[in-house]
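Undergrad: Sharing a structure with you now.
The values are calculated or read from the model by the stated rules, or taken from the named source; none is laboratory data. The shown structure was predicted, so the numbers you read here are calculated from the model rather than taken from an experiment. No Cβ is skipped: glycine too gets one built from the backbone with ideal geometry, and neighbour counts run over all protein chains shown.
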């Protein structure tokens, strides 16, 4: 029965010594305290990030700014429209759920009669 022998290998013995069941402490000791080499500075030189006066494309920057401004104004307008529509829908829904009639106005043109 190789399976029974396999189980005996994996299962701990009932006759284990008390020192096996006690707490186990693993000590981590550093080797010799050696001096670390100095680390290089995080930023070598800021001169590579400087721009010259001729490299500034003012026209392109203003076009991008105006485009971003128009986009933000569009988002604000869409948000106001959405909030107004939700408020009107809530008002009509409250009216209908309270059992009233004629909650939403019906537009009738004169051409119909």
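Undergrad: Condition check: surrounded by 10 or more Cβ atoms within 10 Å (Cβ to Cβ), assigned to a loop (DSSP other than H, G, I, E, B) and at pLDDT 75 or above. Does residue 95 satisfy that?
TA: Answer is no for this residue.
Undergrad: A further question on this structure: Is at least one residue of region 23-44 modelled with pLDDT of 75 or more, surrounded by 10 or more Cβ atoms within 10 Å (Cβ to Cβ) and in a loop (DSSP other than H, G, I, E, B)?
TA: no
Undergrad: Six or more apart or on different chains, Cβ under 8 Å: which pairs go from a residue in region 88-113 that's free of Cβ contacts under 8 Å to residues at least 60 places away in the same chain to one that's in a loop (DSSP other than H, G, I, E, B)? Could you list them?
TA: From residues that are free of Cβ contacts under 8 Å to residues at least 60 places away in the same chain, the pairs are 92/103; 92/104; 95/103; 95/104; 96/103.
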